[in-house]
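Chemist: Okay, handing you the structure first.
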Amino acid sequence: MLDEKEEGHLVFLFPARITLQSRGEASRQNLRRTARGVALLVLVCLVVGCAQPTLRRDWSGYDGPGAAAFHRETLPPPNFPDPIEPVNRGLWGFNHALIVGIADPVGKVYRVLIPPFIRDRISDFAANLIFPRNLVANLIQGRWDGAGRETSRFAINTTLGVAGLWDPATQWFGIQPALQDFGQVFARWGWQPATFLVLPVAGPSSTRDTVGLAPDAALDPATYFFPAGPVLTYNDLVDSIDAYVLRASSSADFYDDARLVSTLARDARIEEPETSSAPGVSTGATQTLQAAFLGPRDPGFAERLDRGEVTMPGTGRALPYSYRMQPGRAPLVFLVPGLGAHRLSNSSLALAEMAYARGFSVAVVSSTLNFEFIERGGSVPVPGHAPVDAHDVHVALDAIDRDLGARYPESIGARIYLGYSLGAFHGFFIAAEEQNLANKLVRFHRYLLLDPPVRLFYGMERLDAFNNVPLAFPAAERDAEVRRILLEAVVVGQKVSTVPARGAYTRIDAVDLRHSTLTPDVELPFSNEEAEYLIGLAFRRALQAVLWTSQQREDLGVLLTERRPLQRLPAYKEIGDYSFTMYLYAFVLPYYRDRLGTIASAEELVKMNDLHAIADPLRGNPKLRVFANRNDFLTSDADIEWLTVLVGPERTRFFPTGGHLGNLHRPEVQAEAMASLEDLRPAQGTSDATLLKEPPQ
């Protein structure tokens with residue numbers, strides 16, 4: 001789900017953070033020069049007037065379709081101040097170029113030359129070496145327990161751990177680190193808040209933490225043995241570079257994601273909010289958060305995917321797709337993800353890996369509501385109308401089928417459509433479209449549809465309601481409660497991993513995944529209301545990317561704030577005023593009704609985005625296989641019963657729990673879903689012509 005954030009979706013999924021710290025005398029001189037350069041850029045920015053107002057359309061007098069949604073209070077996503085955003089984005093772009101152009105290729109060579117065992121020893125040594133900084137920062141703050149733990153750890157790891165090359169303090173004695181730095185010291189002394197700042201090479205920081213780098217460096221022994229510091233830091237982070245590159249390539253605005261999460265993560269580390277150690281309640285919403293565990297078991301699976309491109313007729317642009325072919329002939333699974341999800345999101349990769357591990361070839365495209373598809377694949381600039389979006393997906397999959405067929409003419413057997421969430425919803429429309437004999441696009445021998453909604457508007461209204469859960473809090477307490485939930489989410493998210501962690505805890509983020517990783521055996525420690533808000537917020541941020549990308553492609557004149565590539569926050573604030581329901585009425589409906597003239601009314605739009613409208617060609621379709629959960633908040637009990645009758649009880653499987661996508665990480669669920677495709681494997685001597693023969697309709 002919130003692949004991210006999953007689907008973009010779960011906001012508490014903590015993205016990889018690439019941070020390189022300055023060390024050594026030369027590094028200190030560079031830091032001073034950097035500080036002067038940043039100060040000059042900030043001054044220039046302020047002089048020329050970087051401030052941009054956020055304009056808002058007045059909907060108070062609106063009485064058209066969906067008026068109730070426009071008059072209803074809605075909670076905007078949190079946005080932290082960024083007064084020097086153009087400077088920060090410029091520096092972020094510089095850092096990104098360094099990571100992609102230098103750190104990444106060097107890292108690949110480094111990981112080949114230096115095996116994991118050696119990298120672990122270097123990482124443990126570096127963690128032990130910063131004992132003076134941790135000790136002094138703890139003592140200055142009066143954190144006597146932390147100072148004692150750090151002293152004990154240093155003594156044990158320096159002796160039993162052979163100069164810190166191992167970490168027996170944690171592994172044998174369970175003494176956890178008490179990482180502290182002078183940015184935290186200054187925060188506890190009252191320097192709150194601090195202006196967000198991106199440093200060259202060092203990455204996300206703040207004015208307070210930047211000043212704290214000086215005493216941090218002075219208390220770090222590696223500072224005095226250049227280039228020991230940069231080498232130790234690079235070794236500590238080299239295994240995170242692939243994750244950074246992956247997240248950067250699959251995010252509509254990775255800078256904005258990093259600003260939000262790094263700010264919250266830093267505040268959480270400073271404030272150390274208490275989080276419940278007990279399992280949370282078990283509801284459809286809290287079970288949905290288990291989607292955080294849905295990710296590829298093999299961290300390198302994404303790198304082993306190939307990348308192809310097909311030209312889309314609606315845009316004339318090349319739409320990327322990811323694929324991996326089996327060595328021999330095999331069925332090909334076309335994977336279509338959920339709302340806003342990228343083809344390289346955690347959920348997409350997990351399900352692609354699931355299929356590939358069972359002998360299927362896979363090809364993955366991004367969601368029609370993902371920035372990549374909006375920019376390059378959609379026949380219209382405003383996604384959200386399922387019949388058109390699904391046809392665009394079908395066109396893309398047909399082009400991919402022809403492309404792969406030309407490249408691997410002897411390798412493709414049966415064609416399988418695998419969609420989850422919104423991708424599953426679109427799968428029903430494609431299955432219905434197959435009944436039109438004039439449709440010459442690729443046909444599928446099987447549709448595996450996971451957790452599909454039935455009524456698009458019902459699902460959107462549910463997501464809006466989840467996002468607005470904090471409105472029930474007293475107005476005076478609302479901001480504090482939202483912040484508390486977000487800080488708790490970040491703390492929990494730092495402990496969530498879909499695979500066992502390899503190395504030692506990082507010195508920067510204080511997360512030792514080897515010893516604190518949460519497992520999917522228990523519910524995450526959230527209440528139902530907290531879970532609902534996190535889900536709603538994750539999808540609301542996905543809507544932010546949809547609106548920005550859509551209106552960049554074709555401005556419909558609804559949004560009033562100027563959209564500047566290097567200063568997006570003012571526009572994001574206006575975009576944050578729009579709920580999913582408002583988006584459908586303010587953007588989708590006018591485009592199709594007034595611009596294209598293909599829809600006459602809001603009622604018709606609602607009806608056309610409901611599976612009931614295409615029930616006849618779907619009824620009893622033997623190609624369909626549906627796996628979903630009875631407590632999925634996107635479907636009602638009536639939806640489940642209707643879908644069971646429509647598809648047939650022998651071709652539907654509704655698990656009693658799991659929420660929305662919350663049990664897809666479980667091996668038994670994956671095995672049952674994939675078992676529905678096993679008959680598509682050709683038996684020895686069976687021809688493809690026999691296998692692909694259309695079943696009677």
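Chemist: Give me the dipole magnitude in Debye, nearest 20, for region 286-370 about the Cα centre, with unit charges on the beta carbon: positive for Lys and Arg, negative for Asp and Glu.
Modeler: Charge dipole, region 286-370, about its Cα centre: 120 debye, nearest 20.
Chemist: Still on this structure: For the chain, report the accessible area per residue in Å² (1.4 Å probe, heavy atoms, rounded to an integer).
Modeler: Values: 27020 Å² over 697 residues.
Here the residues of the chain average 39 Å² of exposed surface.
Chemist: Gap in Å between the Cα centre of region 215-233 and the Cα centre of region 74-125?
Modeler: Cα centroid to Cα centroid, the span is 19 Å.
Chemist: Hey, what number do you get for the chain at 222 nm if only DSSP H runs of n ≥ 4 count, each worth -39500 (n - 2.57), divided across all residues, to the nearest 500?
Modeler: On the way: 29 runs with 319 residues, N = 697.
Per the formula, -14000 deg cm²/dmol.
Chemist: Rounded to whole Å and ordered largest first, report the semi-axes of the equivalent ellipsoid of region 67-114 derived from its Cα gyration tensor (root of 5λ). Walk me through the numbers on the way to the answer.
Modeler: Numbers: eigenvalues 355, 54, 14 Å².
Square roots of five times the eigenvalues give 42, 16, 8 Å.
Chemist: Of 290, 409, 454, whose Cα points farthest to the positive end of the dipole of the chain (charges on the beta-carbon: +1 Lys, Arg; -1 Asp, Glu; origin at the Cα centre)?
Modeler: Of the listed residues, the answer is 409.
Chemist: Using the Kirkwood formula on the Cα atoms of region 310-431, what hydrodynamic radius do you get, in angstrom to one decimal?
Modeler: Working: mean 1/r = 0.0709 Å⁻¹.
Result for region 310-431, one decimal place: 14.1 Å.
Chemist: With a 1.4 Å probe and every protein chain kept in, tell me what percent of the accessible surface of the chain is carbon plus sulfur. Write down the numbers at each step before the final one.
Modeler: Details: 16040 of 27020 Å².
Using a 1.4 Å probe with all protein chains present, the chain comes out at 59 percent carbon and sulfur.
Chemist: Hey, another quick one. For the chain, build the charge dipole from Cβ charges (+1 Lys, Arg; -1 Asp, Glu) around the Cα centre, then report which of 310, 175, 106 sits farthest towards its positive end.
Modeler: 106
Chemist: Another one. Could you give the dipole magnitude of the chain about its Cα centre, charging the beta-carbon of Lys and Arg +1 and that of Asp and Glu -1, in debye to the nearest 20? Please list the in-between numbers first.
Modeler: Values: 68 positive and 80 negative charges, 349 e Å.
Once rounded to the nearest 20, the dipole reads 1680 debye.
Chemist: Taking every DSSP beta bridge that has both residues in the chain, what percent is antiparallel when rounded to the nearest 5?
Modeler: On the way: 16 of 41 bridges.
Counting only bridges with both partners in the chain, antiparallel ones make up about 40 percent.
Chemist: I would also like to ask the following. Hull surface divided by four, with the convex hull built on the Cα atoms of the chain: how many nm²?
Modeler: For the Cα atoms of the chain, the hull's average projected area reads 31.5 nm².
Chemist: Related question: Which of the peptides 657-664, 607-614 is most tightly packed, and how do the rest follow, going by the mean number of other Cβ atoms within 10 Å of each residue? It would help to have the intermediate numbers written out before the result.
Modeler: Numbers: 657-664: 25.8, 607-614: 17.9.
Sorting 657-664, 607-614 by mean packing, highest first, produces 657-664, 607-614.
Chemist: Restrict the search to region 262-320; then list the GluC sites (Glu not before Pro) that DSSP places in a loop and that have at most 15 other Cβ atoms within 10 Å of their Cβ. Don't jump to the answer; show the numbers that get you there.
Modeler: Numbers: sites: 271, 274, 303, 309; in loops: 274.
Sites meeting the loop and neighbour criteria: 274.
Chemist: Can you grab the distance from the C-alpha centre of region 529-589 to the C-alpha centre of region 414-448, Å, no decimals?
Modeler: For region 529-589 versus region 414-448, the Cα centre distance is 29 Å.
Chemist: From largest to smallest, what semi-axes in whole angstrom does region 71-172 give when each is the square root of 5 times an eigenvalue of its alpha carbon gyration tensor? List each step's numbers first, then the result.
Modeler: Details: eigenvalues 266, 141, 39 Å².
One finds semi-axes of 36, 27, 14 Å for region 71-172.
Chemist: Please list 451, 577 from largest to smallest accessible area, probe radius 1.4 Å, with all protein chains kept in place. Don't skip to the end; give the middle numbers.
Modeler: Values: 451 5, 577 45 Å².
Result, largest first: 577, 451.
Chemist: How much accessible area does residue 207 have with a 1.4 Å probe, in Å² rounded to the nearest 10?
Modeler: Answer for residue 207: close to 50 Å² accessible.
Chemist: Moving on. Which one of 536, 221, 128 has its Cα pushed farthest toward the positive end of the charge dipole of the chain, where Lys and Arg give +1 and Asp and Glu give -1 at the Cβ?
Modeler: Result: 221.
Chemist: Counting only complete DSSP H runs, which helices of the chain cover 15 Å or more along their long axis at the Cα atoms and score a mean Kyte-Doolittle of -0.5 or above? Could the numbers behind the result be given before it?
Modeler: Values: long enough: 24-48 (36 Å, 0.68); 85-98 (19 Å, -0.36); 116-129 (19 Å, 0.01); 144-159 (23 Å, -0.82); 207-218 (18 Å, -0.12); 254-271 (25 Å, -0.32); 346-357 (16 Å, 0.57); 386-407 (31 Å, -0.05); 422-433 (17 Å, 1.22); 456-467 (17 Å, 0.02); 475-493 (27 Å, 0.43); 528-553 (38 Å, -0.32); 637-647 (16 Å, 0.93).
Helix filter hits for the chain: 24-48, 85-98, 116-129, 207-218, 254-271, 346-357, 386-407, 422-433, 456-467, 475-493, 528-553, 637-647.
Chemist: Hey, another quick one. What ranking, highest mean first, results for peptides 142-149, 89-96, 621-628 when packing means the other Cβ atoms within 10 Å averaged over each residue? Mind showing how you got there, number by number?
Modeler: Values: 142-149: 14.8, 89-96: 18.4, 621-628: 21.5.
Packing order, densest peptide first, comes out as 621-628, 89-96, 142-149.
Chemist: Keeping all protein chains in the complex and leaving out DNA, RNA and ligands, what accessible area do you get for residue 182 with a 1.4 Å probe, in Å² to the nearest 10?
Modeler: The value for residue 182 is about 20 Å².
Chemist: Let me ask something else about it. Lys pairs in the chain, Cα-Cα under 25 Å, at least 8 apart or on separate chains: how many? Write down the numbers at each step before the final one.
Modeler: On the way: 5/495; 5/573; 440/623; 440/693; 607/623; 623/693.
Number of lysine pairs found: 6.
The values are calculated or read from the model by the stated rules, or taken from the named source; none is laboratory data. Computed from a predicted model, the values in this text were never measured in an experiment. No Cβ is skipped: glycine too gets one built from the backbone with ideal geometry, and neighbour counts run over all protein chains shown. Accessible surface is based on the protein model in full, side chains and every heavy atom, while ligands, DNA and RNA are left aside. Shrake-Rupley method; radii C 1.70, N 1.55, O 1.52, S 1.80 Å.
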